[in-house]
Amino acid sequence: MSTISIKLYEFARKEMSLSEEKAKEFVQAIDDVVKEDIKGENLSELATKSFVKDEIHMLELKLEQTKGELTKAIFWAGLIQFLAIVGSLFGLINLMLHK
């Protein structure tokens, strides 16, 4: 018996006023249910520390990549707007001078 089973057995005997045999059956039934529940679980779906660290590292890399791409996009958008404004000003000045 594990320490948890012993504590549960003592609890069943003292607090629930069960006989020794009934307390043993009670503890065994709970133990069986817990073991069956653990068997039913898909343990491969549990995350380990290394898995979580790898996922965090991948997300950090993606975040850095996205940050770089966003910086480039903002730079090019600003440059295109600047060239459009300069072109418009040259066009207006050219129109005013040729009138």
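Okay, here's what the table says:
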item	result
Output for the stretch 1-36, where each listed residue is of a type in the set (Asp, Glu) and outside any helix (DSSP H, G or I)	15
Filter result (β-branched (Val, Ile, Thr) and open to solvent by less than 90 Å² (accessible area, probe 1.4 Å)) within the stretch 81-92	86
Pairs with Cβ under 6 Å, 6+ apart, first in the stretch 14-31 and free of Cβ contacts under 8 Å to residues at least 24 places away in the same chain, second of a type outside the set (Lys, Arg) and surrounded by 10 or more Cβ atoms within 10 Å (Cβ to Cβ)	18/12; 23/9; 23/12; 26/12
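Quick grid of which residues meet (1) surrounded by fewer than 10 Cβ atoms within 10 Å (Cβ to Cβ); (2) within 33 Å of the chain's Cα centre (by Cα):
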site	(1), (2)
17	yes, no
28	no, no
33	no, yes
49	yes, yes
59	no, yes
73	no, yes
79	no, no
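The values are calculated or read from the model by the stated rules, or taken from the named source; none is laboratory data. All values reported here derive from a predicted model rather than from experimental measurement. Backbone-built Cβ (ideal geometry, glycine too); neighbour counts: all protein chains shown. What goes into the accessible areas is simple: the full protein's heavy atoms, side chains included, and nothing from ligands, DNA or RNA. Shrake-Rupley method; radii C 1.70, N 1.55, O 1.52, S 1.80 Å.
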